[in-house]
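In what follows, a structure is listed as structure tokens, so that the remarks can point back to it.
Bear in mind these aren't lab numbers, they're just calculated from the coordinates by the rules spelled out. All figures in this text were calculated on a predicted structure; none of them were measured in a lab. Reconstructed Cβ throughout: ideal geometry from the backbone, glycine too, with neighbour counts over all protein chains shown.
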Amino acid sequence: MTAPGVESRLPAFDVILFDVGGVLLTNGWDHGERAAAIAHFGLDGAEFERLHAIHYGEWESGAITREEYLKRCVFTSPRQFTEDEFYEFVLSGSKLPEDSAMGNLIAIHSSNKYVLGALNNEAREPNEFRFAHFGLSGYFDLRLSSCYLGLRKPGAAIYLRALEILNRAAERVLFIDDRVENVAGAEAVGMKAIQFSGAESLSAQLRGLGVL
């Protein structure tokens, strides 16, 4: 028989899921990063963005490779730079921002109370680079990335697939993301979600939920 008060001390969640770009790291290949590449390599910005809009979803969901994405979006004609040079520039945009949630992730990981996972939209090659380069693999138990699941936020299917993989009820999962549409997508399937707006604010919200 459970002793009085024990149940109230149990964690409110079994699983905590983090977005990566915009929460732990800078965005991998968003508007700002693409604008920098357009300027650096002298690309036709309008044409590149048109092709990117067509093909990036395929790369991010694992349907095409890095090489295929670059051939379709950048190397549609001869260039005075190589695919490797362009891709190295893409990776160079990944940084650990000053107001990162990395400290929050480390604190939660140190508690040993939760299953920790990444639920992020990212193409396979940059995703694997970022996890290795910034040591994220040491904190996450699993990666529910779009490139592995073939699904993308904020569509309901990726959250439902995550719950199937986790084998947890939605209300036992906490999700942290910087984008309002992704937070809304998680809440729509019953997860508790926090919109990230800075490390200090996140710490306060996590304390309020009894996570920290």
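Name the residues in the stretch 31-46 that are under 18 Å from Lys71 (Cβ atoms) and either small (Gly, Ala, Ser) or touching a helix residue (DSSP H, G or I) at 6+ places or on another chain (Cβ under 6 Å) (or both), would you?
Answer for the stretch 31-46, where residues must be under 18 Å from Lys71 (Cβ atoms) and either small (Gly, Ala, Ser) or touching a helix residue (DSSP H, G or I) at 6+ places or on another chain (Cβ under 6 Å) (or both): Ala37, Ile38.
Given the conditions (1) crowded, with 18+ Cβ neighbours inside 10 Å; (2) closer than 30 Å to Phe89 by Cα, which single one is not true for Gly150?
Only one criterion in (1) crowded, with 18+ Cβ neighbours inside 10 Å; (2) closer than 30 Å to Phe89 by Cα is unmet by Gly150, namely (1).
In the stretch 171-192, how many residues are surrounded by fewer than 21 Cβ atoms within 10 Å (Cβ to Cβ) and farther than 17 Å from Lys113 by Cβ?
9
Scanning the stretch 37-91 for residues that are β-branched (Val, Ile, Thr) and surrounded by 14 or more Cβ atoms within 10 Å (Cβ to Cβ), which turns out nearest to Arg130 (Cα to Cα)?
Val90
Please count how many residues of the stretch 44-72 are assigned to a helix (DSSP H, G or I), in contact with an Asp or Glu (Cβ under 7 Å, 6 or more places away or on another chain) and not charged (D, E, K, R).
1
So, in the stretch 52-101, how many residues would count as being farther than 21 Å from Leu136 by Cα and of a type in the set (S, T, N, Q)?
Final tally of qualifying residues: 5.
Residues Ser201, Ser197: which one is farther than 12 Å from Leu119 by Cα and assigned to a helix (DSSP H, G or I)?
Ser201
Output the number of the condition that Glu85 fails; it satisfies all remaining conditions of (1) in contact (Cβ under 8 Å) with a residue 24 or more places away in the chain; (2) outside any loop (DSSP other than H, G, I, E, B).
(1)
For the stretch 164-185, name all the residues that are part of a helix (DSSP H, G or I) and without any contact (Cβ under 8 Å) to a residue 40 or more places away in the chain.
Passing the criteria: Glu164, Ile165, Ala170, Glu171, Val180, Glu181, Val183, Ala184, Gly185.
Conditions first: (1) closer than 25 Å to Gly208 by Cα; (2) of a type in the set (A, V, I, L, M, F, W, C); (3) more than 18 Å from the chain's Cα centre (by Cα); (4) not in a helix (DSSP H, G or I). Phe75 passes all but one, so which condition is the exception?
Failing condition for Phe75: (1).
Filtering the stretch 108-138 down to residues that are surrounded by 14 or more Cβ atoms within 10 Å (Cβ to Cβ) and among the small types (Gly, Ala, Ser), which residue is nearest to Tyr148 (Cα to Cα)?
Going through the qualifying residues, I end up with Ala123.
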